[in-house]
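Since the structure comes first, as structure tokens, the remarks are kept for the end.
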Amino acid sequence: MATAAPPAPPAAPQNHGLKGGVQPLRAGQGNSFLWHKLHSLSGIVPIGAFLVEHIISNFETLNGPLAYAQQVKFLNSLPLVRVLEWAFIFIPLAFHALYGLFIAFRGRVSVNVYPWASNWMYVSQRITGIIAFLYIVQHVWRQRFSGISLPENPGAAFHKVQVELSNPWMLAIYVIAMIATTWHFAYGIWLFAAKWGITPGEKARKRFGYVCTAFGLALCLMGLASIYAVVWKYPNAPANVMPAQPAGIDLPAPTVPPSNFTNPSQPGQIQ
């Protein structure tokens, strides 16, 4: 008597990497859909926009300590700058980082959400995210909330960073973090465009991958150039290039040399 053949096992999902079909975000994929969507969006706006602005501002270090101090002073003189700082930097950054760690440490859930990512890209995106998170925490604490306050003393910004980078270990951390952060952001842009259906099709994603790679390299090189300027181009920068004038002390009035055309005994008349 013939026996029925056992059912064939289900086909294993294929790993398409950067060349496979990337399905856009859709509602109805579970309770975490909204959080995933907000996490994806926050990585571009406002966090990604701030990262670009931050790297461009730091690029002023190539023009010297005074130019960098003027940039820091300008940013801290913006209207409602402290409200903007918390609403568009600290709070979104905390959400993106903490939820990103939640995704990273729940690998099984992440694989189900992102089945199209290759293993290497999947792992590297999470490793660079963890590196960026640890770096940003210490960087914000040491540069923003510890030591001399830069919003009130922008002239000390260059020297403060220079003192920190005088430690070889901190210098290595800054270089590694710059590479990891710009990689994480550049690949995050590619993921955002693919997942949100902005780049449908393999050819569109491949072309946009070149754009993201070039953009990430440009940001990384700008960041490394800023580190070079602080450490090697302008060594031994002054502690404060914009010292504040002590309160209650007036500068002497400029002396006016006597004119050869005015009669002192009769002011206003010409001899």
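Mind checking whether some residue in the range 180-194 is free of Cβ contacts under 8 Å to residues at least 40 places away in the same chain and surrounded by fewer than 17 Cβ atoms within 10 Å (Cβ to Cβ)?
no
If the requirement is being of a type outside the set (Phe, Trp, Tyr), touching a residue at least 24 places away in the same chain (Cβ under 8 Å), closer than 30 Å to residue 64 by Cβ and open to solvent by less than 40 Å² (accessible area, probe 1.4 Å), which of these qualifies: 219, 224? Working first, answer last.
On the way: 224 fails: open to solvent by less than 40 Å² (accessible area, probe 1.4 Å).
Answer to the selection: 219.
State which residue is nearest to residue 192 (Cα to Cα) when the search covers only the range 33-57 and only residues that are open to solvent by 40 Å² or more (accessible area, probe 1.4 Å) and of a type outside the set (A, V, I, L, M, F, W, C).
Filtering first and then ranking leaves 37.
Does at least one position in the range 120-130 carry a residue that is over 17 Å from residue 35 (Cα atoms), open to solvent by 80 Å² or more (accessible area, probe 1.4 Å), of a type in the set (Phe, Trp, Tyr) and modelled with pLDDT of 95 or more?
No, that holds for no residue.
The values are calculated or read from the model by the stated rules, or taken from the named source; none is laboratory data. Quick caveat, the model's predicted, so the values are computed rather than measured. Ideal geometry is used to build each Cβ from the backbone, glycine not excepted, and the neighbour counts take in all protein chains shown. The area values use the complete protein model at the heavy-atom level, side chains included, leaving out ligands, DNA and RNA. Shrake-Rupley method; radii C 1.70, N 1.55, O 1.52, S 1.80 Å.
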